[in-house]
Every structure is written in structure tokens, then in C-alpha cells.
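Report on the structure given below.
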Amino acid sequence: MPEVFCLDSNAEETLTFLAKMRENLLSRAVQRVDRKGRKGARGKPISRYYDLATMRYISPTAGLILAALYHRAKSITGQKLHTINEHLWAPEVRRTLRSVGFHEFLDMQKPALDGGLTSPVIIQKFTSGSQADGKPVGKLQEALTKLLPDELGEKLLAAEPYGGMFEAILNSHSWAYPADHDWDYPPLRNWWLTGAVDTATGRVTVAVFDQGISIPVSLPHWKHWGKVEERAKKILARLRLTEPIEHFSNDGYAIRLAMTIAKSQTNLPQHGKGLHTMVEVAQRARHGRLRIISRNGEYVWETGKRPQMLAYGNPIGGTLVEWTLDL
């Protein structure tokens, strides 16, 4: 495991590790089910494990993706998980994973250990679902608001993070898991959600993740794709990029193009409109940042800056939408 498990300060190494971990966990889960399905065969316990004691820090967002990956593997095998050598975990890692309900979320027994540290950052427990249900989103927004002074709580409500979070969940439910897609491993057609407040600064972070096909993969199938495909080609030519927009190396630009379509078209399907709604949440904060990582690409909108796009060497395995709001 990377010592710093974070998509802000150590993105490339974290994504590289997650890609290898995803392939390992899911392939072993499928193999275990196959063994159990053979007549007379017995599923052997998995003797290998990932040692979380090597981590010194894990961010709430990276922890959400880690939990989602284990959740998917668990859904394939149907077997409960457990931790190893938790007493050797770094206190900060143990505090973060316990505060977000990592053990409860994966139906694991939590060893009777003190968290060891206090922190001004209060993280809400992970939530997951498969439906476009606004109740967990509303509960999260309410919980985050209560952690803030009244004035900042009102500013958080004014930024309307509920709308952005619900759009991300709606997109996941409606478009991330098409029935005709050829999956490498059995999908878990869920979204995952968490949020945190830094009580010392008033900064609010919210993240929604799914393990779907991603924005760059779905973009060429959008209703209005034909109208903007030529625009995409001109952008790539101007930037002297030789690969087509569908290539993973252009995923950052694909997300930016999706955002442009969402802003300029009024008769988009619901999932297209939702992308612009997500930007508006960040725009309403005193200083806001929206980050979308989908397949290999990243798109960042931040107050006072030009939108930034890049592509990582490894995919995130779905779509992450994260807001950072300084109120």
C-alpha cells in the first residue's frame, strides 16, 4: 500500500495501486466462486491480504474508493471480510477508517482498540445504494450543516450541495451501468457517498463514487454527440494530440467536452444536465473546487482559475465526483 493513500497529494501512485488491487481482488473473487461451483470442490480461504499497516495517511475520498472496491469483491463471493494486524495500523489511518464506518460498512468485526487520535476533521460514515434516492443525500447535507457554526451552515445550504450530490447519484443509477456492457468482472451497480467537515477552517468536502463505465466511455453515445464531434476533433488538432477523443490519454478533455455540452444544450438527457449542476455547487461557494476523475481523466473547476484537464496512467475504475467548499 502507498504510505500516502490520497488523490490530492499522491494521485498517480494511489491510482496505480488501486488498479493493481482491483484486478487482484476481483479476479480472486471470481476464481473463488468458480472453485465453489465445481462439483466436489471447496473454496479455500484467501491467505494473501493487503497490509494497511504500511499506510501513514489515508484521505476520506481514497478510503471511500477502497471500501467500494472491497464491497464489490464481497458482493461477488458473498463472504464476510476481516482486518489483519489492526493494532499495527498508523493511528491516523485507524482513526479515519473507524470514523467512516469502514468495519460496519463491510460487515466486519471491529477490534476493541482506541482510535488513538482526535482531529478537527469530522468524517461522515460511508453510505451506498443502487437507487436514485435523495434521502441519504439529505441526511448527509444535514449532518454536515450541524457540524458548522450557524453562519457557515447557512452558506453551505446556499451552495446547494444536495443538488450536485443527487445528480451524481442519479447519473450513476441511470447511466453508469448499462445492461448491454461487457464487464471484465461482475459489477456492483451501486454508488458510494461520504462527506467531511474541517471544524477548524469550515472547509467541507463531499465525494460520490461509482464503478461504472465512466464519462469518456459513455460520451460518444450521448444524444448530441454528433453535433460536437467535429468540435472535439478541432480541439485535439489545435492541441496537436494525435489520438482520437475516445482514447484514454484524452479522457480529461472528454470530461471537459461533456461539461461544455451540458452547459450549452438545453434539451439534454438528464445525465447531461447534471454535470453543469455539479459545477454550480462549487461556483456558489466563497471558494469552491469540483474535481471529476473518470476512467483515466481528471477535470478540475476551481474558483478564480481556468479549468484544468489531465490524464493519469491508470484508470480509477469508474467515476469520482468531489467537491471542496470553503464557505
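Things to note:
- In this calculation the C-beta distance from Gln131 to Arg306 is compared with R0 = 30 Å, giving a FRET efficiency of 0.25.
- For the chain, adding -39500 (n - 2.57) for each run of n ≥ 4 DSSP H residues and dividing by the number of residues yields -13500 deg cm²/dmol at 222 nm.
- Two-decimal log10 I(q)/I(0) for the chain, as the Debye equation yields it once each C-alpha is a single scatterer, q = 0.07, 0.09, 0.10 Å⁻¹: -0.29, -0.48, -0.59
- In the chain, taking the dipole from charged Cβ atoms about the Cα centre, the farthest positive-side position among His287, Phe166, Thr145 is held by Phe166.
- Trp225 - accessible surface, heavy atoms, 1.4 Å probe, Å² rounded to 10: 20
- HN-Hα J in Hz across the stretch 311-325 - Karplus 6.51, -1.76, 1.60, θ = phi - 60°, x for Gly and Pro: 10, 8, x, 10, x, 7, x, x, 9, 10, 10, 9, 10, 10, 10
- Entries of Lys20/Lys80; Lys135/Lys305; Lys20/Lys234; Lys234/Lys305 with Cα pairs more than 27 Å apart: Lys135/Lys305; Lys20/Lys234
- Using a simple spin-label model with pseudo-atoms 7 Å out from Cα toward Cβ, Lys20 and Met108 lie 2.0 nm apart.
- Relative packing of 229-242, 48-61, 72-85, which averages over residues the other C-beta atoms within 10 Å, highest first: 48-61, 72-85, 229-242
- Once you reduce the stretch 294-327 and the stretch 186-252 to the center of their Cα atoms, the two points are 8 Å from each other.
- Residues in the chain average 48 Å² of solvent-accessible surface per residue, probe 1.4 Å, ligands and nucleic acids excluded.
The values are calculated or read from the model by the stated rules, or taken from the named source; none is laboratory data. All values derive from a computational prediction rather than experimental measurement. In this analysis, Cβ positions are derived from the backbone assuming ideal geometry, glycine residues included, and neighbour counts consider all displayed protein chains. Just the protein is used for accessible areas: all its heavy atoms, side chains included, with ligands, DNA and RNA removed. Shrake-Rupley method; radii C 1.70, N 1.55, O 1.52, S 1.80 Å.
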